1. Does Ser390 fit the bill of being among the small types (Gly, Ala, Ser) and exposed (fewer than 14 other Cβ atoms within 10 Å of the Cβ)?
2. Restricting attention to segment 240-260, and to residues there that are over 16 Å from Glu229 (Cβ atoms) and of a type outside the set (A, V, I, L, M, F, W, C), which single residue is nearest to the chain's Cα centre (by Cα)?
3. Provide a single number: the residues in segment 234-246 that are closer than 20 Å to Thr209 by Cβ and part of a helix (DSSP H, G or I).
4. Are any residues in segment 128-162 assigned to a loop (DSSP other than H, G, I, E, B) and either in contact (Cβ under 8 Å) with a residue 60 or more places away in the chain or at positive phi (or both), and if so, which ones?
Amino acid sequence: MKIHIDIDCFFVSATRIKEPSLEGKPVAIGGRSDTKIFSKDDKKQTVNFENSGSFVPTFYKAYEEKDKVNCGAREGSLGYDDIDAFRDEDGRVRGILTTSSYEARAYGVKTAMSIKEALSLCPQLIIKAPDMSLYQKLSHELHEFLQTKIPLVEQASIDEFYGDLSGWIEDEDVARFIDDLRHEIKKVTKLPVSIGAARTRYIAKLATTNAKPFGSKVVYPHEVQSFIEKIPVGAFAGIGKSMKEKLQSVQIHTLGELQRRRGTLESWGPYAKELYARVCGISDGDIQTTHIRKSIGISRTFDPLYDRNELRRRVHVLARHLSFAILKLEVTPTVFHLGVVYEMNQKSHKNISLCEIFTEKKFNSLCLALFREADIYKRLQVRGISINCSSFTRESRKELSLINFADEQKMRRLTEHSQEIREKYGIDMLKWGSEL
């Protein structure tokens, strides 16, 4: 059988390990786009490729105790919070919630809700600043522990794992095994987890959701049909917003209804056909102990900004940080993408394919050129920029161009020397003059 392990309210649970006094209180972790990346002051930045994803940035500020904003408790608050970390220059509370405790959820507080709205629902809510270094450390410790208990372990995200018990634990013993495992994890790491088990990883993930908080559940093959009957289609991994709307347009609202409409799903093409097989517990995916990164990107949202000179400076800053990550990964991307988000939610983007030696100078110029082409709504203010690089040569097997190859090699050596300095002294040690 496959099992799925999910840390309950991970960021909150991690914070409670550090601050036990928060146990049992309504707590939420705030998040705000790191616009300080554009500051002209030096910052202690760190980079992590292991578990980046939703609310887990590749680049984040290295945590130091002195950085922590720990102000006095607000009136009605149940403890000390970090609310001042989310105030802008005008004193307004900005940002969203990356997660919240079950005590907070009882008041209607939800992930991705604005901090301001969350406080209106639960005035005594304790808002804590994120500590990415702590999260990465605890996630790594749990991963190492699971590897001593399960033959095959896959880390799907910073707080989510899959395991394969086939040939290791008999099916009739799985329920006892995962129940013991969650208690042992709590004892060893202090992290509360929920665990689901099923014949396929997709149904196991649904079982975990059903077991929360701090529970365990096994769904045997003959139980799949009754188990999924009333689960909303949007709760299934792989059914996004557009697919959910498409299903609902033909009166498919639950997974049970989806299971009974095989002909409809299969008529929509290969993806929908595979989705049907996953929902029914027929199709499965292997446990992947290692993941090959296929892309790397950086994005930032900020207050609407019209000044194109400042926007170009910010492109330089993002390009410098992304170049550092690409060199650290030791990959050569060949597809480059830059996106711009404007006020009123207008969007624009540009792509280019280029198979040449990667150098920071060339990449910086390329990003600036892509921004000039993507910036088609010049009368509008910009509120977000993203840069993404993909199709690495090690996977795509593309051959590098030999045009100006000797000159490119010289520039590459300069890039590598710059990388060594940044590795030792920080990403902000060397900057482009246009950033200042």
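1. Details: among the small types (Gly, Ala, Ser): yes; exposed (fewer than 14 other Cβ atoms within 10 Å of the Cβ): no.
Against the criterion (among the small types (Gly, Ala, Ser) and exposed (fewer than 14 other Cβ atoms within 10 Å of the Cβ)), Ser390 does not qualify.
2. Gly240
3. Applying the first criterion (closer than 20 Å to Thr209 by Cβ) to segment 234-246 yields 234-241, 243-244.
Next, from what is left, pick out any that are part of a helix (DSSP H, G or I): 234-235, 241, 243-244.
Number of matching residues: 5.
4. Taking segment 128-162 first, the residues assigned to a loop (DSSP other than H, G, I, E, B) are 129-131, 148-151, 158-159.
Across segment 128-162, the qualifying residues are Ala129, Pro130, Asp131, Ile150, Ile158, Asp159.
Conditions (1) out of contact with any Ser or Thr (no Cβ under 7 Å at 6 or more places or on another chain); (2) modelled with pLDDT under 75; (3) not in a helix (DSSP H, G or I), marked per residue:
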site	(1), (2), (3)
Ser386	no, no, yes
Arg394	yes, yes, no
Leu402	yes, yes, yes
Ala406	yes, yes, no
Arg412	no, no, no
Glu416	yes, no, no
Arg422	yes, no, no
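The values are calculated or read from the model by the stated rules, or taken from the named source; none is laboratory data. Computed from a predicted model, the values in this text were never measured in an experiment. FYI the Cβ positions are ideal-geometry reconstructions off the backbone, even for glycines, and counts take in every protein chain you see.
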